[in-house]
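The structure under discussion appears below in the form of structure tokens.
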Amino acid sequence: MIKQSVARLAALAIAAAGAGWLWGADSTAASEVWRFDNLERIGGYAVTVLGHPRLIDTPAGRAVEFNGVDDGLFIEAHPLAGAQAFTWEAIFRPEAGGQPEQRFFHLQERDGATGLDTTARMLFEIRVIGDRWCLDSFVGSADAAHSRALIDRAKLHSLGAWHHAAEVYDGHEFRNYVDGVEQETGAVQFAPQGAGHSSIGVRINKVYYFKGAVFLGRMTRKALAPAEFVKVEGLR
């Protein structure tokens, strides 16, 4: 399995280079990349489709577009389960006409005994303010003292354009970024999350739908510097 995973990642890195994706040489070693270019398998996992998300063409390849009403994708994997430090990245395009609060990527822990969702989760969210948006990042743990939300409503970004978002945790400090620029930071102690599942385009319990498109997710089991973030040429 390890050899197969390395081979898949190497093949993806070669394809990424050809498609104009750029990342630091060290940052791919512990990364898992999810390319949202189909509706059947993402990152090697089967996909459950809700509603009618559709594939769209971009200058860098296909992406999945969500209608903001009843579209979503669900994957039976939590790619950052067990991580003590992490960098979670997404390349996405929020569109006008969506709800004021939207969740576009959700990683959720499940209780191993009951199969039910716990309070431990990771979320990429946006808040739409007028014709712009700000990033809201959240990591939840079993208790509020070990949970943290990061949001700065004064740091606004354009709708209808491609953006890179990142959440970074080094074991002590939680930071979030838009297009490589830090938005907010805060000290917190997160416990590693257990195995679970993920949703894209909607919160895992099918509320707060996202209107827009998602191109890529990358999950790395260490804290990366902004210079190491994945970049996709042609998506702006």
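Rounded to the nearest 0.05, what FRET efficiency is calculated for residue 99 and residue 46 with R0 set to 35 Å and r the Cβ-Cβ distance? List each step's numbers first, then the result.
Working: r = 28 Å, r/R0 = 0.80.
Calculated value: 0.80.
Could you size up the charge dipole of segment 2-232 around its Cα centre, putting +1 on the beta carbon of Lys and Arg and -1 on that of Asp and Glu, and report it in debye to the nearest 20?
Values: 23 positive and 27 negative charges, 67 e Å.
In total the dipole reaches around 320 debye.
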To the nearest 500 deg cm²/dmol, what mean residue ellipticity at 222 nm is calculated for the chain from DSSP H runs of n ≥ 4 alone, each contributing -39,500 (n - 2.57), summed and divided by the residues?
-2500 deg cm²/dmol
log₁₀ I(q)/I(0) of segment 103-236 at q = 0.10 Å⁻¹, via Debye over equal Cα point scatterers, no solvent, to two decimals?
-0.33
Choice from 83, 154, 191 showing the highest fluctuation, given a GNM over the chain with Cα pairs closer than 10 Å
154
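Values quoted throughout were computed directly from the atomic coordinates according to the rules given, and no laboratory measurement underlies them. Small disclaimer: the values here were computed from a predicted structure and weren't measured. Every residue, glycine as well, gets a Cβ built from its backbone with ideal geometry; the counts of neighbours run over all protein chains shown.
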